[in-house]
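Take a look at the structure below.
The values are calculated or read from the model by the stated rules, or taken from the named source; none is laboratory data. The model shown is predicted, which means the values in this text are computed figures rather than measured ones. Here Cβ is always computed from backbone atoms with ideal geometry, including for glycine, and neighbour counts include all displayed protein chains. Side chains are part of the model used for accessible areas, which takes the heavy atoms of the whole protein and leaves out ligands, DNA and RNA. Shrake-Rupley method; radii C 1.70, N 1.55, O 1.52, S 1.80 Å.
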Amino acid sequence: MKTIGVLAIQGAVDEHVRMIESAGAIPKKVKHASDLAELDGLILPGGESTTMRKIMKHYDLMEPVRAFAKDGKAIFGTCAGLVLLSKEIESGEESLGLIDATAVRNGFGRQKESFEAELPVEVFGPTSFEAVFIRAPYLTAPSKNVTVLATMDDRIVAARQDKILVTAFHPELTDDNRWMRYFLEKIV
């Protein structure tokens, strides 16, 4: 059985733990760099990217997460996780630089513009995914190494590069575990 960590410093941690369990893997909450050693994959959950980055820096987690990825381990970032994993953030803030695209924070608007939408995702076949967008970012300027998995209003909202998967929305806030299964089966 695969063990998947959830960065447990801020955001939708418990929701990701439940989603990992529903997809047949073992979840582990990650708070320290030493927690990364026994993992097959890592989730950077939705939350607030600036706060998450500050906490990651405070606990010296930025470099260990980069090293985790460089060691060929899989990472799945949702919403704020997408922002943190991007090569650049449009606002100029520091990122982990692990997916070769630029993140636009709050790309669909602020909190009051949050929404749910049926999202076609080719890798899932004809059944769309009910995506929950909360202050959602999106990606721009992907390199040729980035595979776009879903768009909304011509904005990239799901993508993959090697062992990095990102979504601008919150799959963990639904009962549909297809994104977690995709992560476990195709990326981890």
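Comparing mean-square fluctuations of A74, A23, A101 from a GNM of the chain with C-alpha springs under 10 Å, the top value falls on A23.
When the residues D71, D35 are ordered by accessible surface, computed with a 1.4 Å probe over the protein chains alone, the sequence from largest down reads D71, D35. Our estimate of slack between K144 and N106, defined as 0.36 nm per intervening residue step minus the Cα-Cα distance, is 11.2 nm. Full extension of the chain between S91 and R155 yields a length gain of 21.3 nm, computed as 0.36 nm times the residue separation minus the alpha carbon distance. Working out 0.36 nm times the residue gap between S34 and R66, then minus their Cα-Cα distance, what length gain in nm do you get to one decimal? My answer for the length gained is 10.2 nm.
Taking a ≥ b ≥ c as the square roots of the Cα gyration tensor eigenvalues, with a/c under 1.5 meaning rounded and otherwise prolate when a/b beats b/c, else oblate, which class fits the chain?
Since a/c stays below 1.5, the shape of the chain is classed as rounded.
Among residues other than E93 with Cβ under 14 Å from its Cβ, the summed charge is +1 (Lys and Arg +1, Asp and Glu -1). Across the chain, the mean sequence separation of Cα contacts (distance under 8 Å, 6 or more residues apart), normalised by length, yields a relative contact order of 19 percent. Solvent-accessible area assigned to carbon and sulfur over the stretch 139-188 amounts to 40 percent, based on a 1.4 Å probe.
Give the shape of the stretch 53-112 as rounded, prolate or oblate, defined through the alpha-carbon gyration tensor: a ≥ b ≥ c are the square roots of its eigenvalues, a/c under 1.5 means rounded, and otherwise the shape is prolate if a/b is larger than b/c and oblate if not. Since a/c reaches 1.5 and a/b is larger than b/c, the shape of the stretch 53-112 is classed as prolate. For the chain, the antiparallel share of DSSP beta bridges with both residues in that region comes to about 50%.
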